[in-house]
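Shown next, in structure tokens, is the structure this report addresses.
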Amino acid sequence: ERLKRPAEQTDPDMYLRVVEKKSDGIVVRGCKLHISEASIADEIMVVPTRILGPDEQQYAVAFAVPADYDGVKQVVHIHKIRKRTHYKTGNPDIGYTDSYVIFDDVFIPWERVFLCGEYMHGGALAMLFALFHRHSYSGCKPAIGDMLLGLASLAARHNGISKAPHVREILSKIIMVTELGYAAGFTASAKSKPEIYVPGIGQMPYGPGSYIPHSIYANVGRCLSGEAVFNEQEMLCNIAGGLPSTFPYEADLANPELKPLLEKYLKRNPKIPIAAEFNGLVDHNFTGGFPAGQRVPERYRMKKQSMVTTQCLPYFFGQAFCRKRFLDEIYTLVQHVLMCDNIGCVSGHEKVLDA
């Protein structure tokens, strides 16, 4: 019931809450929805999601437990591409997940509880979570923009329209928005302080000294990147045309009777082998969802480390494109990714970066 506060819900469990306090801990009940990669996390950290009032102390709770903790149930939604038989692609065995994380009267020992009843901190924790999440957009979504840029360039070459003025304009728009979003996130990091922004008051010291992204730039980056990713996908569709959405199934492409006919009528550019078109258009990244990437600054990537944010995934497609900004280089990289079996691990990233 979105228009009602936690204490006004018909079912009080619609916001996760404390149902019992004991001498050695608390018992909690509730559910956290669509939590990315919770099924492979080591720890799950729970925080309030909104400002709370004095009558909502039972909802002012924060704690951390292992993902497989007793009483924690996860309903996992798996996003995974179908395996190929005839036309191999990279990433055949990876995907991504999100979970409904259900706490069914779960006991939490006091040493794992960070907040219990201190309702005045609920809003600050909710804002901090939102701020770090929005900050991560400026790493995640520009990486997806790089991916879409390479795919759009690939589609334009397949269709023989890469020199068309409107196509070049579309590609330049993707570059512009991608770099602006990344710049906002980078600036939010550079201007970070151990402070939070309180509306009507301004910046205030908060926490034990951990640096917090600059609120304005983190939100600007999220706005730019979060909205742009949909426009970028529309741009890709405009360049690709209807072919990817109605592309034949792999079994049809391998059928001895149909294969020569399909190769004849699917061909768009006589200078590009039909096998290359198959590898591009059948690939799941062209027509389906793909896992969030993450641009990682040079100093982190060279150390083979990943920047920790609320959205980090075990594979970072975006890293492969950080150093390759020109269209020809990105086009080459995308072709390599489509054929690379090791992308998603460090050796795979090095393969792509060395291409």
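The values are calculated or read from the model by the stated rules, or taken from the named source; none is laboratory data. These figures come from a predicted structure and were not determined experimentally. Cβ placement follows ideal geometry from the backbone for every residue including glycine, while neighbour counts extend to all protein chains displayed.
For region 64-80, indicate whether the set of residues that are within 26 Å of Gly123 (Cα to Cα) and acidic (Asp, Glu) is non-empty. No, region 64-80 contains no residue that is within 26 Å of Gly123 (Cα to Cα) and acidic (Asp, Glu). Which of the residues that make up region 235-251 are touching a residue at least 12 places away in the same chain (Cβ under 8 Å) and loosely packed, with under 14 Cβ neighbours inside 10 Å? Scanning region 235-251 gives Asn238, Ser245, Ala251. In the condition set (1) at pLDDT below 90; (2) polar (S, T, N, Q); (3) under 25 Å from Ile274 (Cβ atoms); (4) in contact with a Phe, Trp or Tyr (Cβ under 9 Å, 6 or more places away or on another chain), Gln203 is compliant with all but (3).
Would you check if there is a residue in region 203-213 being under 16 Å from Arg134 (Cβ atoms), surrounded by 17 or more Cβ atoms within 10 Å (Cβ to Cβ) and touching a residue at least 12 places away in the same chain (Cβ under 8 Å)? Don't jump to the end; show me each part of the working.
Step one: of region 203-213, the residues under 16 Å from Arg134 (Cβ atoms) are 211-213.
This time we only want the ones that are surrounded by 17 or more Cβ atoms within 10 Å (Cβ to Cβ), so: 212-213.
Applying the additional criterion that residues be touching a residue at least 12 places away in the same chain (Cβ under 8 Å) yields 212-213.
There is at least one residue in region 203-213 that is under 16 Å from Arg134 (Cβ atoms), surrounded by 17 or more Cβ atoms within 10 Å (Cβ to Cβ) and touching a residue at least 12 places away in the same chain (Cβ under 8 Å).
Of the residues His34, His79, the single one that is touching a residue at least 60 places away in the same chain (Cβ under 8 Å) and in contact with a Pro (Cβ under 9 Å, 6 or more places away or on another chain) is His79.
Taking region 235-261 as the range and being of a type in the set (S, T, N, Q), in a helix (DSSP H, G or I) and modelled with pLDDT of 85 or more as the test, only Asn238 passes.
Whether any residue in region 186-198 is assigned to a loop (DSSP other than H, G, I, E, B) and at pLDDT below 90 is what I want to check.
We begin by selecting, within region 186-198, every residue assigned to a loop (DSSP other than H, G, I, E, B); these are 191-192, 194.
Still in the running and at pLDDT below 90: none.
Scanning region 186-198 turns up no residue that is assigned to a loop (DSSP other than H, G, I, E, B) and at pLDDT below 90.
In the set (1) of a type in the set (Asp, Glu); (2) crowded, with 16+ Cβ neighbours inside 10 Å; (3) assigned to a strand (DSSP E or B); (4) over 31 Å from the mean Cα position of the chain (by Cα), Asp98 fails one condition alone, (4).
Among the residues of region 145-153, are any surrounded by 15 or more Cβ atoms within 10 Å (Cβ to Cβ), of a type in the set (S, T, N, Q), at pLDDT 90 or above and out of contact with any strand residue (DSSP E or B) (no Cβ under 6 Å at 6 or more places or on another chain)? It would help to see each step written out before you state the result.
Start the filter on region 145-153 by keeping residues that are surrounded by 15 or more Cβ atoms within 10 Å (Cβ to Cβ), which leaves 145-153.
Okay, now just the ones that are also of a type in the set (S, T, N, Q), so 153.
In the following step, the residues that additionally are at pLDDT 90 or above were identified as 153.
The next check asks that each one be out of contact with any strand residue (DSSP E or B) (no Cβ under 6 Å at 6 or more places or on another chain); those that pass are 153.
Yes, that holds for at least one residue.
Restricting attention to region 87-95, does a residue exist that is crowded, with 17+ Cβ neighbours inside 10 Å, modelled with pLDDT of 95 or more and farther than 20 Å from Ala124 by Cβ? No, every residue in region 87-95 fails to be crowded, with 17+ Cβ neighbours inside 10 Å, modelled with pLDDT of 95 or more and farther than 20 Å from Ala124 by Cβ. For the structure I just gave you, tell me whether Gly150 is within 19 Å of Tyr15 (Cα to Cα) and part of a helix (DSSP H, G or I). Spelling it out, it is not the case that Gly150 is within 19 Å of Tyr15 (Cα to Cα) and part of a helix (DSSP H, G or I). Applying the condition of being loosely packed, with under 14 Cβ neighbours inside 10 Å and out of contact with any Phe, Trp or Tyr (no Cβ under 8 Å at 6 or more places or on another chain) to region 175-200 and asking which residue is nearest to Met127 (Cα to Cα) yields Pro199.
Has region 156-169 got at least one residue that is over 20 Å from the mean Cα position of the chain (by Cα), part of a strand (DSSP E or B) and either of a type outside the set (Phe, Trp, Tyr) or more than 30 Å from Val28 (Cβ to Cβ) (or both)?
Step one: filter region 156-169 for residues over 20 Å from the mean Cα position of the chain (by Cα), giving 156-169.
Next cut, part of a strand (DSSP E or B) only: none.
No: region 156-169 contains no residue that is over 20 Å from the mean Cα position of the chain (by Cα), part of a strand (DSSP E or B) and either of a type outside the set (Phe, Trp, Tyr) or more than 30 Å from Val28 (Cβ to Cβ) (or both).
The residue that is surrounded by the fewest Cβ atoms within 10 Å (Cβ to Cβ), counting only those in region 10-41 that are modelled with pLDDT of 95 or more and assigned to a loop (DSSP other than H, G, I, E, B), is Ser23. On inspection, Arg112 passes the criterion of being touching a residue at least 40 places away in the same chain (Cβ under 8 Å) and more than 30 Å from Tyr182 (Cβ to Cβ). Any residue at all in region 220-234 that's of a type in the set (Asp, Glu), outside any loop (DSSP other than H, G, I, E, B) and buried (at least 17 other Cβ atoms within 10 Å of the Cβ)? Within region 220-234, one or more residues are of a type in the set (Asp, Glu), outside any loop (DSSP other than H, G, I, E, B) and buried (at least 17 other Cβ atoms within 10 Å of the Cβ).
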